[in-house]
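Have a look at the structure below before the remarks.
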Amino acid sequence: MQTWVPFIPESASTESPHVDALYFYLSGVTIFFTLLIAGVVTFFVIRYRRRTPYEIPRPIAGSHTLETVWSVIPFIIAMTFFVWGTGLYFRNYRPPENALEVYVVGKQWMWKFQHTTGQREINELHVPVGRKIKLVMTTEDVIHDLFIPAFRIKADVVPGKYTYEWFEATKPGRYHLFCAEYCGMNHSGMGGWVVVMEPTEFDNWLSGNAGAQSASTSGQQLFQTLGCASCHGNNGEGGRGPALLSVYNSEVQLESGAKVRADDSYIRESVLNPQAKIVAGYGPIMPTFQGVVNEEQIVQLMAYIKSLSSQPAGASGAPGAQGSPKAPGRETQK
Ligand code: CUA
């Protein structure tokens, strides 16, 4: 679409025609009023030019009608930008529930991607065409920004929290991705490619790279080696830490009386700064894992904790079902 405009990037996601439409509408309105005002100024300059050196202009008393019209019409036009833009924003920044998740960690100066099935990539991201993909993003150092022009998506990647982007690619191909936030010396080189493949081709690619274990299995191993399991039994064994089964995305009652949703950011905070939000009924005894685990390992722990919530209650913690390349994602999650 819009290949007649040479500087517009390729359009390859379900949302990009909507972003383009708003953009062209804004440009169209701007061009129309620029030409209108320039035209009227030119016309008036000529029509009402001074004709004799001592000419005195006719006094003008003002017009309420005119002033109302030129206030109300621009207001209505500005509100169309606002309403249209807000609708688009809400859709583009609220990832759909059934999306395939990919973890993204920015780092000076590279992009690290990890699929829930374990495949890792650097500066390259393989995805299937026609599936909703949700990027769960954070950074190991400074602020970066993941920008994929062909999909019309762009979002900051911020230390200490998770941000999200989503897209559904509409045609196979290779699309440039960029870092769009100045992040130091080699910022300009912090780019790469999104490779959009046919679903069967993507399945082949996944199984061709299946040497890696799934993110949740890596997380489970970390959970054992770090000794988490001695306090956080799946069903509350150990007794010193809250049970983790089905905790993901549930409402948690805190010691302080407040309630919090156990989302990605809460889990991350609880690993790095355990005293911040203590679950009701437990003591402040958990040590911090700041400096012990890196961002990628936190993502794996998170994948493990999520996998505990995507199984029927009472099942053991083995996240084997997450390891199948055919069924990644959280479709079965409650
Ligand atoms: Cu990372 Cu600019």
Exercise for the section: Keeping to the stretch 111-122, report how many residues are within 16 Å of the ligand (Cβ to nearest atom) and open to solvent by 40 Å² or more (accessible area, probe 1.4 Å). Expected result: 1
Exercise for the section: Spot the failing condition for K154; the list is (1) within 24 Å of N294 (Cα to Cα); (2) under 17 Å from the mean Cα position of the chain (by Cα), and only one is missed. Expected result: (1)
Exercise for the section: Starting from the stretch 165-187, take each residue that is away from the ligand (no atom under 16 Å from the Cβ) and list its partners that are part of a loop (DSSP other than H, G, I, E, B) and among the polar types (S, T, N, Q), counting only C-beta distances under 9 angstrom and pairs at least six apart or across chains. Expected result: F167/T14; E168/T14; A169/T14; T170/S11; T170/T14
Practice task
Report, by residue number, each residue of the stretch 224-242 that is surrounded by 18 or more Cβ atoms within 10 Å (Cβ to Cβ) and modelled with pLDDT of 75 or more.
Solution key: C228, H232, G241, P242
Problem - Residue in the stretch 75-85 that is closer than 30 Å to G28 by Cα, in contact with a helix residue (DSSP H, G or I) (Cβ under 6 Å, 6 or more places away or on another chain) and surrounded by fewer than 19 Cβ atoms within 10 Å (Cβ to Cβ) present - result: yes
Problem - Output for the stretch 131-162, where each listed residue is open to solvent by 30 Å² or more (accessible area, probe 1.4 Å), touching a residue at least 40 places away in the same chain (Cβ under 8 Å) and within 15 Å of Y175 (Cα to Cα) - result: R152
Practice task
Can you tell me which residue among L66, L26 is within 30 Å of I153 (Cβ to Cβ) and not charged (D, E, K, R)?
Solution key: L26
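Considering the stretch 167-206 alone, what residues qualify as being assigned to a helix (DSSP H, G or I) and open to solvent by less than 70 Å² (accessible area, probe 1.4 Å)? If you could, list the steps in order and put the result at the bottom.
In the first step, residues of the stretch 167-206 are kept if they are assigned to a helix (DSSP H, G or I); the result is 187-189, 199-206.
Residues satisfying the conditions are H187, G189, P199, F202, D203, W205, L206.
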Exercise for the section: Go through the stretch 97-110 and give me each residue that's within 16 Å of the ligand (Cβ to nearest atom) and either more than 17 Å from A215 (Cα to Cα) or modelled with pLDDT under 90 (or both). Expected result: G106, K107, Q108, W109, M110
Completion exercise
When the stretch 128-165 is checked residue by residue, the ones that are more than 17 Å from N92 (Cβ to Cβ) and assigned to a strand (DSSP E or B) are P128, T138, T139, H144
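The values are calculated or read from the model by the stated rules, or taken from the named source; none is laboratory data. Everything quoted here is computed from the prediction, not taken from an experiment. Please note: Cβ atoms are built from the backbone with ideal geometry, for glycine as well, and neighbour counts cover all protein chains shown. These area figures cover heavy atoms from the full protein model, side chains too; ligands, DNA and RNA do not enter into them. Shrake-Rupley method; radii C 1.70, N 1.55, O 1.52, S 1.80 Å.
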